[in-house]
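Worksheet: one structure, shown below.
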Amino acid sequence: MAKKPKIGMVMGSDSDWPTMEETAKVLDEFGVDYDVDVISAHRTPDKAHEYAVNAEGSGYDVIIAGAGGAAHLAGVVASLTTLPVIGVPMLTTALGGVDSLYSTVQMPGGVPVASMGIGKSGAKNAGIFAVQILSTGYPALKKKLAKYKKDQAAAVAKKSKNLKQQLKKKTRR
Ligand code: RP5
């Protein structure tokens, strides 16, 4: 039987979970397996190294790494594995997440990290992007992605209709 795809989800602190939960929700929706770990590039550097060099052996196809501030986790993991690494920059109180974004996205040539946007929408997109990477080898996920887009467009059309109706009522008053 073919191996089931699996995502390695790692974050710098448990304080990142309320954001990274958005990734988990997407993966749950698509029925993709994942593990969650809290590992800090700075507070537990040896663990970060161990996680990255063993990522393939752990059965992961894609790594999603969320971190905030001096957000080096995704980059450190990417430096030690050939698996694709998606970075999620946390929204920070001190600098609004720009610190996390720059730390995640400004990788030196040769060591790519696919950085998403700051915060919850970035975390959600990390889940979708990971599924898109997996879908090249798993046709069932491709089908689910097509349905996801269709449902999303239908939801927007519904919102547009509702808003138009609300505005119509308002002008009648
Ligand atoms: C980063 O430091 C973590 O990814 C987190 O976003 C940030 C703050 O961590 P805590 O002080 O909340 O544990 O490494």
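Values quoted throughout were computed directly from the atomic coordinates according to the rules given, and no laboratory measurement underlies them. Keep in mind that this is a model prediction, so the values were computed, not measured. Here the Cβ is made from the backbone with ideal geometry for all residues, glycine too, and neighbour counts use every protein chain on show.
Tabulated data for the structure shown
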| item | result |
| --- | --- |
| The chain, helix-only ellipticity at 222 nm - DSSP H runs n ≥ 4, -39,500 (n - 2.57), divided by all residues, nearest 500 | -16500 deg cm²/dmol |
| Cα convex hull volume per residue for the range 6-137 (Å³) | 91 |
| Surrounding net charge for Phe129, when Lys and Arg each add one and Asp and Glu each subtract one, Cβ distance under 15 Å | +3 |
| Karplus-derived 3J(HN,Hα), 6.51/-1.76/1.60, for each residue of the range 86-92, Hz, glycine and proline x | 9, x, 10, x, 6, 6, 10 |
| Bridge type composition, the range 6-137 - antiparallel percent by DSSP, nearest 5 | 0 |
| Environment charge of His72, counting only residues whose C-beta is closer than 13 Å and scoring Lys/Arg +1, Asp/Glu -1 | 0 |
| The chain: relative contact order as a whole-number percent, Cα under 8 Å and 6+ apart | 21 |
| Cross-link pairs beyond the 24 Å C-alpha cut-off, checked among Lys124/Lys150; Lys4/Lys120; Lys25/Lys164; Lys3/Lys25; Lys124/Lys149 | Lys4/Lys120; Lys25/Lys164 |
| Cross-link partners of Lys47 among lysines (Cα-Cα below 21 Å; sequence separation of 8 or more within a chain) | Lys6 |
| Principal-axis tilt of helix 17-30 within the chain, Cα atoms, nearest 10 degrees | 70 |
| Proximal charge balance of Lys120 [Cβ under 12 Å; K/R count +1, D/E count -1] | -1 |
| Contour minus Cα-Cα distance for Arg172 and Lys159 (0.36 nm per residue) | 2.7 nm |
| Within a Gaussian network of the chain (alpha carbon springs, distance under 10 Å), most fluctuating of Lys120, Lys149, Lys25 | Lys149 |
